[in-house]
Amino acid sequence: MERRLKILRVQHSLVEASNHRLLDELARFGELQVRAVCPRWGVESGSRRVLRSERPDITVAKTIFTFNYSTKIYLTGLLSLIRNWRPDVIDLHEEPWSLAAGETLALRRAFAPDARILAYSAQNIHKVYPPVFAQIQESVIRAAAAFYVCSGGVLEVIAGRGFGGRIDVVPLGLDPEAFEYRRHAGSIGARGLTAGFVGRVAREKGVLTLVRAAALAGPRVRVVFVGPGPDVARARALARKLDVEDRVEFTGGIPHERVAARMRDFDVLVVPSLTTHRWKEQFGRVITEAMSLGVPVIGSDSGSIPEVIGDAGLIFPEDDEKRLAALLLRLLDDPKQLAEMSVLGRDRVMRRYTWARVAEMMRELYHYVGEKTG
């Protein structure tokens with residue numbers, strides 16, 4: 001029997017249990033043996049997550065400096081897996097400048113020098129890092145046999161750092177059964193058009209743009225903000241100032257497992273993110289979740305949003321409340337477009353964003369990198 005290719009994923013985002021589905025999908029490929037290590041806790045989607053898992057393929061590790069993914073160091077788990085299991089491929093699903101990346105390279109050099117590095121990044125802005133972090137990133141770029149990234153903007157950054165090898169765009173996945181499709185009816189209820197927002201209520205997420213757009217669109221457009229954030233009070237104050245407080249609702253944060261049910265109440269999801277000098281939208285997982293549910297999406301042109309939405313939704317220039325208001329009124333006047341967008345969105349998800357599709361892309365990458373093992 002041919003030896004199975006041993007893959008070790010070093011991945012802090014596995015503290016979010018919904019991400020385990022990728023491991024389930026990879027397990028279907030009999031020629032791969034995949035194990036993973038992740039922290040016991042971490043921050044995902046703006047909320048603290050504590051992992052309670054008895055999966056044999058996940059080693060839950062103790063870490064320090066875990067408050068920030070770039071400073072986290074693995075105290076347990078990572079060393080033993082590299083030294084004793086000796087993987088063929090180390091899938092470094094940590095940013096390439098992180099301390100965890102530097103730690104992984106050091107352990108690989110000492111205990112599994114033949115293991116190849118497959119590196120990941122989601123950073124879509126060219127940044128200058130402090131010396132230690134910059135040196136780690138340079139080391140990862142030199143060591144990596146290939147990279148995978150979540151959007152085309154990240155690909156440009158990694159290539160701009162001097163990496164000349166293979167870089168694949170591999171999107172974030174979802175479970176379409178957890179976000180079960182229901183086609184929009186193509187009509188508007190008596191309360192008018194409900195435009196929803198899910199995420200961190202912060203200025204860079206475009207929440208103030210959405211409040212101003214609601215004011216311009218008029219009384220038949222209402223907005224629901226789902227999520228916590230530093231600018232809730234500021235957005236409330238703006239709604240009062242513009243005399244739309246009765247049409248703008250703030251629900252606060254809700255558990256991730258309740259997000260799908262809440263989004264079903266929306267006629268359209270709005271993702272109005274703004275670009276800053278330090279951040280722009282890296283992917284926008286809520287977009288694919290909404291499209292899987294059959295909820296139409298309007299997004300700004302910040303970062304990866306147009307790339308993720310594709311031809312399944314509508315795009316407006318970031319921080320342009322007039323254009324956003326015009327799109328909301330267009331859907332209000334011709335709600336049949338909502339049904340059309342609903343169908344296009346689900347189709348796009350099933351073609352591009354399921355965990356099964358992501359696993360197929362990763363399988364091909366693992367073989368590409370694994371064939372380079374000595």
**Message:** Of everything in segment 4-18, what is among the aliphatic types (A, V, I, L, M) and buried (at least 19 other Cβ atoms within 10 Å of the Cβ)? Give them in sequence order.
**Reply:** Leu5, Ile7, Leu8, Val10, Leu14, Val15
**Message:** So, Val128, is that one free of Cβ contacts under 8 Å to residues at least 24 places away in the same chain and within 30 Å of Pro306 (Cβ to Cβ) or not?
**Reply:** yes
**Fill in**
The strands (runs of 3 or more DSSP E) lying wholly within segment 142-234 that contain at least 2 residues that are polar (S, T, N, Q) are none
**Asked** So how many residues does segment 19-40 have that are farther than 14 Å from Asp57 by Cα and surrounded by fewer than 17 Cβ atoms within 10 Å (Cβ to Cβ)?
**Response** 2
**Asked** Tell me, which residue of segment 68-88 that is in contact with a Phe, Trp or Tyr (Cβ under 8 Å, 6 or more places away or on another chain) and crowded, with 20+ Cβ neighbours inside 10 Å is nearest to Leu105 (Cα to Cα)?
**Response** Ile82
**Prompt:** Does segment 258-278 contain at least one residue that is more than 30 Å from Lys127 (Cβ to Cβ) and touching a Lys or Arg at 6+ places or on another chain (Cβ under 8 Å)?
**Reply:** yes
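Yes or no, residue by residue, for (1) under 14 Å from Arg200 (Cβ atoms); (2) free of Cβ contacts under 8 Å to residues at least 60 places away in the same chain; (3) in the same structural domain as Ala202 (by TED's automatic domain parsing):
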residue: Val224; (1), (2), (3): no, yes, yes
residue: Gly227; (1), (2), (3): yes, no, yes
residue: Pro230; (1), (2), (3): yes, yes, yes
residue: Leu238; (1), (2), (3): no, yes, yes
residue: Lys241; (1), (2), (3): no, yes, yes
residue: Arg247; (1), (2), (3): no, yes, yes
residue: Thr251; (1), (2), (3): yes, yes, yes
residue: Ile254; (1), (2), (3): yes, yes, yes
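The values are calculated or read from the model by the stated rules, or taken from the named source; none is laboratory data. For clarity, every value in this text was computed on a predicted model and none was experimentally measured. Don't worry about glycine lacking a Cβ; one is built from the backbone with ideal geometry, like all the others, and counts go over all protein chains shown.
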